[in-house]
Amino acid sequence: MAVHSAPKSSARAKVGVLGASGYTGSELVRLLLRHPNVELVLLTADRRAGQEMRTVFPQFSPFKLPKLVSIDGVNWKKTALDLAFCALPHATTQKVIGDLLAKAPKTKVVDLSADFRLHDIAAYARWYGHEHHAPKLQHEAVYGLVEVHRAAIKKARLVANPGCYTSCAQLAVTPLLKAKAIAPDEIVIDAKSGMTGAGRAAKEEMLFSEVSEGFHAYGVGHHRHMAELDQELSAAAGRDVTVTFTPHLVPMNRGILSTIYVRGVGGKSPQDLHAMLSETYRAEAFVHVLPFSEMPQTRHVRGSNLTFIGVVKDRIAGRAIIGAALDNLVKGASGQAVQNMNLMLGYPEATGLEQIALFP
């Protein structure tokens, strides 16, 4: 059978995926294989080092890809990547990226872990239980929610890709906080995610028999994404914001649905909030606001880089219910990372990301 290759352009960036054997790593490979401006030259996976990507993820069998290698053996200077995606576990990334950028300072990095998302290194230590191992790099890291920080991302060398839950919630409420249209102290985020959000490593609590036919909350009152939400929503509001956020695990593979309860201020009705969101995202490629009173579904964004947002009037006067749905592996992780890469390398933002959702 013929070996397939990616579409080519005259000048292709040399790109690597560190941690290619995980769900977000494999999703990056899936997206980048069809990107016309990218050449995948490095794939790392320590436990799978020496194997072909097709043995880890058989869907890549028709494609010619680099063999998986251990990250410890990579010569960053010689490899000379234009950009590296770091899809490694939390708490390991800071040292890896610190070493990479020290030896190859011209390489740009999109980090998909949480290691560079929190601006305050003391807050990072509190939430993640250990000191920050690259505080100097933290000062230059740009938070990578494209629709909010587009201008800064274009100039960045290091971008911290947002969390999946936080991306979903922020896109729904950030414009309203900036406009001072909702009460900052009355935001309740009730979020549900598919199982791939927990990663690919074997865990007893993620066995099929443990999660199927059930539905439960977790990290109640202390989930790490709370720090990220508070940081970004406080910046949007121009004052401290502490949200109520509860994540839930749903026995499905992909998707996040956030149901968010807000109260309009200054006479703002649910219809006004809907109009504000519609205008904010009118020209955005990857955020779609549904007609008023329609709510999004995860099945309608599956496999795409899209976020769907809906607004419904609550029966309590002045309150609105906002729904937001995205695919946690695409817009919630790898798709957003590619969106960041496109900005950092000067490509059209939507390049390689225009897939329509898979349905059913």
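The values are calculated or read from the model by the stated rules, or taken from the named source; none is laboratory data. Keep in mind that what you see is a predicted model, and the values were worked out from it rather than measured. When we count neighbours, we look across all protein chains shown, and the Cβ atoms used for this are built from the backbone with ideal geometry, even at glycine. Please note that ligands, DNA and RNA were not included when accessible areas were found on the heavy atoms of the full protein model with its side chains. Shrake-Rupley method; radii C 1.70, N 1.55, O 1.52, S 1.80 Å.
If you line up the Cα atoms of the stretch 272-322 on their principal axes, what length do they span on each, largest first, in Å?
36, 23, 12
Tell me, what HN-Hα J-couplings in whole Hz come from the Karplus equation 6.51 cos²θ - 1.76 cosθ + 1.60 at θ = phi - 60° for each residue of the stretch 180-185, using x for Gly and Pro?
6, 9, 10, 6, x, 8
On the protein heavy atoms, probe 1.4 angstrom, tell me the percent of accessible surface of the chain carried by carbon and sulfur. Can you show the working numbers first?
On the way: 8550 of 15940 Å².
Answer for the chain is 54 percent, counting heavy atoms of protein chains only.
How long is the gain from THR244 to VAL312 if the chain were fully straight, where each residue apart is worth 0.36 nm and the alpha carbon distance is subtracted? Please report the intermediate quantities before stating the final value.
Working: separation 68, 0.36 × 68 = 24.48 nm, distance 1.97 nm.
Using 0.36 nm per residue and subtracting the Cα-Cα distance, I get 22.5 nm.
Could you list which residues have their amide H under 5 Å from that of VAL38, counting only those 5 or more apart in sequence or on another chain, with H placed in the peptide plane?
Correct list: ALA13.
What translational diffusion coefficient, to the nearest whole µm²/s, does the chain have by Stokes-Einstein, given a Kirkwood radius computed over alpha-carbon pairs, a temperature of 20 °C and 1.002 mPa s viscosity? Don't skip to the answer; put the middle values down first.
Values: Rh = 20.9 Å.
Value of D from the Cα-based Kirkwood radius: 103 µm²/s.
Using only alpha-carbon positions, what ratio does the radius of gyration of the stretch 114-169 give when scaled by 2.2 N^0.38 Å? Can you show the working numbers first?
Working: Rg = 11.5 Å, N = 56, 2.2 N^0.38 = 10.2 Å.
In units of the 2.2 N^0.38 Å rule of thumb, it is 1.14.
If amide hydrogens are placed 1.01 Å from N in the peptide plane, which non-local residues have theirs closer than 5 Å to the one on VAL188?
TYR261
Each residue of the stretch 304-319 in order: what ³J(HN,Hα) in whole Hz does its phi give by Karplus 6.51 cos²θ - 1.76 cosθ + 1.60, θ = phi - 60°, with x for Gly and Pro?
With the stated coefficients, the stretch 304-319 comes to 10, 9, 8, 10, 9, 10, x, 10, 10, 6, 7, 6, 7, 4, x, 9 Hz.
Tell me whether the stretch 215-360 comes out rounded, prolate or oblate; compute the Cα gyration tensor, take square roots of the eigenvalues as a ≥ b ≥ c, and use a/c under 1.5 as the rounded threshold.
Details: a/c = 1.39, a/b = 1.28, b/c = 1.09.
Rounded.
Take GLU131, GLU147 and sort them by solvent-accessible surface of the protein heavy atoms, 1.4 Å probe, largest at the top. Display every interim value, and only then the final one.
On the way: GLU131 125, GLU147 30 Å².
Result of the area sort, largest leading: GLU131, GLU147.
Under 17 Å from the 7 Å Cα→Cβ point of ASP46, by amide nitrogen: which residues of the stretch 98-118?
98-100, 112-115
List every residue whose amide H lies under 5 Å from the amide H of TYR143, counting only residues 5 or more places away in sequence or on a different chain, with H placed 1.01 Å from N in the peptide plane.
Those qualifying (amide H under 5 Å, at least 5 residues apart or on another chain) are ALA160.
Which of VAL74, VAL287, VAL38 moves the most in a Gaussian network model of the chain with Cα springs under 10 Å?
VAL74
Quick one: compute the contact order of the stretch 89-147, relative version, from alpha carbon pairs under 8 angstrom and 6+ residues apart, as a percent. All intermediate terms of the calculation are to be shown ahead of the outcome.
Working: 37 pairs, mean separation 20.6, N = 59.
Averaging sequence separation for qualifying contacts and normalising by length gives 35 percent for the stretch 89-147.
For the stretch 151-294, would you read off the P(r) tail past 26 Å as a percentage of all alpha carbon pairs?
Numbers: 3342 of 10296 pairs.
For the stretch 151-294, the share of Cα pairs beyond 26 Å comes to 32 percent.
For the stretch 318-360, with every protein chain kept in place, what is the accessible area per residue (1.4 Å probe, Å²)?
Details: 1250 Å² over 43 residues.
Averaged over the residues of the stretch 318-360, the accessible area is 29 Å².
Have a look at SER113, SER70, SER258 and tell me which one the Gaussian network model of the chain (Cα, springs below 10 Å) gives the largest fluctuation.
With Cα springs under 10 Å in the chain, the top fluctuation among SER113, SER70, SER258 is at SER70.
For the stretch 282-288, what does the Karplus curve 6.51 cos²θ - 1.76 cosθ + 1.60, with θ = phi - 60°, yield as ³J(HN,Hα) per residue in whole Hz, taken in order and with x for Gly and Pro?
Karplus-based 3J(HN,Hα) across the stretch 282-288 equals 3, 9, 7, 6, 10, 10, 10 Hz.
Considering only ILE256, ILE316, ILE97, give the residue with the highest GNM mean-square fluctuation for the chain, with springs between Cα atoms whenever their separation is below 10 Å.
ILE316
Return the percentage of antiparallel bridges among DSSP beta bridges fully within the chain, rounded to the nearest 5 %. All intermediate terms of the calculation are to be shown ahead of the outcome.
Values: 24 of 55 bridges.
Of the beta bridges lying entirely in the chain, close to 45 percent run antiparallel.
Starting from the Cα of ASN253, move 7 Å in the Cα-to-Cβ direction to define the label point; list residues of the stretch 179-194 whose amide nitrogen is under 19 Å from there.
193-194
Counting pairs of Cα atoms in the stretch 1-141, how many percent are more than 26 Å apart?
Within the stretch 1-141, distances greater than 26 Å cover 26 percent of Cα pairs.
What value, in deg cm²/dmol to 500, does the helix sum -39500 (n - 2.57) over DSSP H runs of n ≥ 4 give at 222 nm once divided by the residues of the chain? Present the calculation step by step, with values, prior to reporting the outcome.
Values: 12 runs with 104 residues, N = 360.
Using -39500 (n - 2.57) per qualifying helix, the result is -8000 deg cm²/dmol.
First check a/c for the stretch 122-201, with a ≥ b ≥ c the square roots of the eigenvalues of its C-alpha gyration tensor; if it is under 1.5, answer rounded, and if not, answer prolate when a/b is larger than b/c or oblate otherwise.
Working: a/c = 1.58, a/b = 1.20, b/c = 1.32.
Oblate.
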